[in-house]
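Undergrad: The structure that follows is given in the form of structure tokens.
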Amino acid sequence: MFGRSAPVEIDLGAGDGVYAEARAKREPGTNFVAVERLLGRAKKIAKKAVRNDLVNLKVLRIESWYFIKNLCAPESLAAITLRYPDPWPKRRHQGNRILNRNFAEDAARAVARGGLLKLTTDASEYFEWACREMADSVSWIPDSSWTGEREPTSEFEELFAKEGRELYRRAWRKA
Ligand SMILES: C[S@@+](CC[C@H](N)C(=O)[O-])C[C@H]1O[C@@H](n2cnc3c(N)ncnc32)[C@H](O)[C@@H]1O
């Protein structure tokens with residue numbers, strides 16, 4: 001996709017691409033793939049990449065879980081970012097949550113040894129649930145060296161910050 005060999009980071013559920021654009025501008029040596037299932041949002045990301053000549057930012061309109069499970073070569077990714085994934089708070093909808101134990105294993109196959117899976121969310125119950133799902137995987141180790149402080153903001157982060165919501169962040173390193 002990029003015509004060059006460089007570390008690849010995936011932003012899953014990238015929204016309008018504010019975060020992916022900022023990362024791609026700041027880190028030209030990394031290839032970024034923004035994955036978004038809504039066409040309107042995917043188009044906005046593509047426009048940001050073209051307008052800013054960001055040859056290191058591509059967008060795919062596709063389901064996150066399908067992309068990670070079926071389209072990523074083994075050990076091909078340096079990192080996966082999940083920012084404010086839909087929390088699906090109702091018990092009967094929890095099967096729709098992207099970060100669950102099946103995803104943990106699919107992501108472990110796609111991420112290279114030493115690579116990161118980073119989660120940021122405003123949903124405390126989902127955060128705790130996701131941490132439990134990840135703890136059951138032997139492939140991932142919590143990485144306290146990642147605090148998220150250097151992360152650029154995103155449109156949902158801006159929204160939640162205005163509302164004064166608490167944020168929860170954690171990263172796991174591929175064993
Ligand atoms: C709450 S928004 C967060 C957007 C962005 N990450 C941010 O921080 O502003 C969640 C985004 O994930 C997308 N999304 C939800 N489920 C998805 C899936 N299964 N595959 C791809 N995108 C998905 C939604 O369309 C939406 O744009």
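Just so you know, all these numbers are worked out from the coordinates, no wet-lab data involved. Everything numeric here is computed off the predicted structure, so don't read it as measured data. Using ideal geometry, Cβ is built from the backbone for each residue, glycine included, and neighbour counts are taken over all protein chains shown.
Undergrad: Looking at the range 83-91, can you tell me whether even one residue there is more than 8 Å from the ligand (Cβ to nearest atom), under 13 Å from the mean Cα position of the chain (by Cα) and closer than 22 Å to Gly17 by Cβ? Don't jump to the end; show me each part of the working.
TA: Let us first name the residues in the range 83-91 that are more than 8 Å from the ligand (Cβ to nearest atom), namely 87-91.
Those still in the list that are under 13 Å from the mean Cα position of the chain (by Cα) too: none.
Checked the range 83-91: no residue is more than 8 Å from the ligand (Cβ to nearest atom), under 13 Å from the mean Cα position of the chain (by Cα) and closer than 22 Å to Gly17 by Cβ.
Undergrad: Just for the range 126-175: of the residues that are charged (D, E, K, R) and within 14 Å of the ligand (Cβ to nearest atom), which one is farthest from Pro87 (Cα to Cα)?
TA: Here is the first cut: in the range 126-175, the residues charged (D, E, K, R) are 128, 132-133, 136, 143, 149-151, 155, 157-158, 162-163, 165-166, 169-170, 173-174.
Right, trim to within 14 Å of the ligand (Cβ to nearest atom) and you get 151, 155, 157-158, 162-163, 165, 169.
Working: Glu151: 21, Glu155: 16, Glu157: 14, Glu158: 17, Lys162: 19, Glu163: 17, Arg165: 15, Arg169: 14 Å.
In this case the residue turns out to be Glu151.
Undergrad: Go through the range 27-82 and give me each residue that's charged (D, E, K, R) and closer than 16 Å to Val8 by Cβ. Talk me through it step by step, then tell me what you get.
TA: We begin by selecting, within the range 27-82, every residue charged (D, E, K, R); these are 27, 36-37, 41, 43-44, 47-48, 51, 53, 58, 61, 63, 69, 75.
Within the range 27-82, Glu27, Lys58, Glu75 qualify.
Undergrad: Considering every residue within the range 125-134, establish whether at least one is closer than 18 Å to Phe67 by Cα and in contact (Cβ under 8 Å) with a residue 40 or more places away in the chain. Please lay out each step first, then the result.
TA: Here is the first cut: in the range 125-134, the residues closer than 18 Å to Phe67 by Cα are none.
Within the range 125-134, not a single residue is closer than 18 Å to Phe67 by Cα and in contact (Cβ under 8 Å) with a residue 40 or more places away in the chain.
Undergrad: Would you confirm whether any residue within the range 84-104 is of a type in the set (A, V, I, L, M, F, W, C) and without any contact (Cβ under 8 Å) to a residue 12 or more places away in the chain?
TA: If we filter the range 84-104 for residues that are of a type in the set (A, V, I, L, M, F, W, C), which is where we start, we get 88, 98-99, 103-104.
Of the ones still in play, those that are also without any contact (Cβ under 8 Å) to a residue 12 or more places away in the chain are none.
No, the range 84-104 contains no residue that is of a type in the set (A, V, I, L, M, F, W, C) and without any contact (Cβ under 8 Å) to a residue 12 or more places away in the chain.
Undergrad: Is there any pair with a first residue in the range 105-118 that is free of Cβ contacts under 8 Å to residues at least 40 places away in the same chain and a second that is among the polar types (S, T, N, Q) whose Cβ atoms are under 8 Å apart and which are 6 or more apart or on different chains, and what are they?
TA: Correct list of pairs: Glu105/Ser137; Glu105/Ser139.
Undergrad: Also, I was wondering about something else. Against the definition (surrounded by 13 or more Cβ atoms within 10 Å (Cβ to Cβ), basic (Lys, Arg) and under 15 Å from the mean Cα position of the chain (by Cα)), how does Lys48 come out, yes or no? First the steps, then the outcome.
TA: Values: surrounded by 13 or more Cβ atoms within 10 Å (Cβ to Cβ): yes; basic (Lys, Arg): yes; under 15 Å from the mean Cα position of the chain (by Cα): no.
No: the conditions fail for Lys48.
Undergrad: Now for a separate question. From (1) surrounded by fewer than 19 Cβ atoms within 10 Å (Cβ to Cβ); (2) in contact (Cβ under 8 Å) with a residue 24 or more places away in the chain, pick out the condition that doesn't hold for Ser144.
TA: Condition not satisfied by Ser144: (2).
Undergrad: Kindly provide the set of residues from the range 47-77 that are in contact (Cβ under 8 Å) with a residue 12 or more places away in the chain and among the polar types (S, T, N, Q), ordered by number. Let's see the steps before the verdict.
TA: As a first pass, look at the range 47-77 and keep what is in contact (Cβ under 8 Å) with a residue 12 or more places away in the chain: 48-49, 52, 54-65, 67-69, 72-77.
Result: Asn52, Asn56, Ser64, Ser76.
Undergrad: Looking at this structure, is Thr153 under 16 Å from Ala34 (Cα atoms), outside any strand (DSSP E or B), of a type outside the set (Phe, Trp, Tyr) and in contact (Cβ under 8 Å) with a residue 12 or more places away in the chain? Lay out the reasoning, then the answer.
TA: Values: under 16 Å from Ala34 (Cα atoms): yes; outside any strand (DSSP E or B): yes; of a type outside the set (Phe, Trp, Tyr): yes; in contact (Cβ under 8 Å) with a residue 12 or more places away in the chain: yes.
When the stated conditions are applied, Thr153 passes them.
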